[in-house]
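Notes follow the structure.
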Amino acid sequence: DESRFYSVDLERGPTGFGFSLRGGSEYNMGLYVLGLMEGGPAQRSNKIQVSDQLVEINGDSTAGMTHSQAVEQIRRGGHRIHLVLKRGNGYVPDYVELSSLSLCMTNSKQGEPCFYVIGRTENPRP
């Protein structure tokens, strides 16, 4: 839904832009706003909310970006950054490691059933 996307420009404050992120491609998940620093630029924007998903940093898509790449991209932005975010639902996803094993057991006969085993493990991480 397009109406859930919005952009915001932030000026770096004395302690940065005033928000923290969770996620990244190494966790098989997007990048989400985990926290807002009291009185920081992100909070003062009155736009960014915890659980919003970071979609673009200075025009670059965050798809496939690791956590450290995103942080580095924000740092490289200098004194001002332009972000595109997608409004969240108030809930920041936990780290979920998806390990899927698909095993197709077939005989040489056409039309034999195919069995898929999909495993999902959730590992809490700091």
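So Asp9 passes all but one of these: (1) open to solvent by less than 40 Å² (accessible area, probe 1.4 Å); (2) modelled with pLDDT of 95 or more. Which condition number does it fail?
That leaves (1) as the condition not met.
For the range 20-45, which residues satisfy the criterion of being within 11 Å of the chain's Cα centre (by Cα), surrounded by fewer than 20 Cβ atoms within 10 Å (Cβ to Cβ) and of a type in the set (A, V, I, L, M)?
Across the range 20-45, the qualifying residues are Leu21, Met29, Leu34.
Keeping to the range 46-76, report how many residues are assigned to a loop (DSSP other than H, G, I, E, B), crowded, with 17+ Cβ neighbours inside 10 Å and without any contact (Cβ under 8 Å) to a residue 40 or more places away in the chain.
2
The values are calculated or read from the model by the stated rules, or taken from the named source; none is laboratory data. What you are looking at is a predicted structure, and each value in this text was computed from that prediction instead of being measured. All Cβ positions, glycine included, derive from the backbone under ideal geometry; neighbour counts span all protein chains shown. In case anyone asks, the SASA skips ligands and DNA or RNA and just uses the protein heavy atoms, side chains included. Shrake-Rupley method; radii C 1.70, N 1.55, O 1.52, S 1.80 Å.
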